[in-house]
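Visitor: Got a structure for you, written out below as structure tokens; questions coming shortly.
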Amino acid sequence: MSPTDPAPRAGDARSGPPAASIVACPDGPLLVRGEFEVVTPDGEALPRTRRTVALCRCGASVLKPYCDGSHKLIGFKTEPPAP
């Protein structure tokens, strides 16, 4: 691919499957799927045992950066996407 070629899109035959995808769950965590690494602020890789992980968005999880379901207990609400 040359620098003038358009960037491949997810699912494009030239690019293969995306390395990772992120789904923002309404009023819940970010679900991250695929090949990725979660690292600490110091750059240390955190262990992963699953291909999909849920990352906390509410700030109340005791398992940060992972979600523990606390968003349900505290009534966490996300803002609807802008039109």
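Table: residues versus (1) in a loop (DSSP other than H, G, I, E, B); (2) under 19 Å from LYS77 (Cα atoms); (3) open to solvent by less than 50 Å² (accessible area, probe 1.4 Å).
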position	(1), (2), (3)
PRO26	yes, yes, no
LEU31	no, yes, yes
GLU37	yes, no, no
ARG50	yes, no, no
VAL53	no, no, yes
CYS58	yes, yes, yes
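Visitor: I'd like the full set of residues that are part of a loop (DSSP other than H, G, I, E, B) and among the β-branched types (Val, Ile, Thr), limited to segment 65-83.
Guide: Answer for segment 65-83, where residues must be part of a loop (DSSP other than H, G, I, E, B) and among the β-branched types (Val, Ile, Thr): just THR78.
Visitor: Counting only residues that are open to solvent by less than 50 Å² (accessible area, probe 1.4 Å) and in contact with a Ser or Thr (Cβ under 9 Å, 6 or more places away or on another chain), which one in segment 66-75 is nearest to PRO26 (Cα to Cα)?
Guide: Of segment 66-75, the ones open to solvent by less than 50 Å² (accessible area, probe 1.4 Å) are 67, 69-71, 75.
Checking which are in contact with a Ser or Thr (Cβ under 9 Å, 6 or more places away or on another chain) leaves us with 67, 69-71.
Values: CYS67: 14, GLY69: 13, SER70: 14, HIS71: 11 Å.
Among those residues, the one meeting the criterion is HIS71.
Visitor: Another one. Where residues in segment 1-23 are at pLDDT below 95 and hydrophobic (A, V, I, L, M, F, W, C), which of them is nearest to the chain's Cα centre (by Cα)?
Guide: Filtering segment 1-23 for residues that are at pLDDT below 95 and hydrophobic (A, V, I, L, M, F, W, C), the one nearest to the chain's Cα centre (by Cα) comes out as ALA20.
Visitor: From (1) aliphatic (A, V, I, L, M); (2) assigned to a loop (DSSP other than H, G, I, E, B); (3) open to solvent by less than 100 Å² (accessible area, probe 1.4 Å), pick out the condition that doesn't hold for VAL62.
Guide: It fails just one condition, (3).
Visitor: Now a separate question. With (1) out of contact with any Lys or Arg (no Cβ under 8 Å at 6 or more places or on another chain); (2) modelled with pLDDT under 95 as the list, and CYS58 as the residue in question, which single condition is left unmet?
Guide: (2)
The values are calculated or read from the model by the stated rules, or taken from the named source; none is laboratory data. Keep in mind the model is a prediction, meaning the values are calculated, not measured. Note that each Cβ is placed from the backbone with ideal geometry, even for glycine, and that neighbours are counted across all protein chains shown. Just the protein is used for accessible areas: all its heavy atoms, side chains included, with ligands, DNA and RNA removed. Shrake-Rupley method; radii C 1.70, N 1.55, O 1.52, S 1.80 Å.
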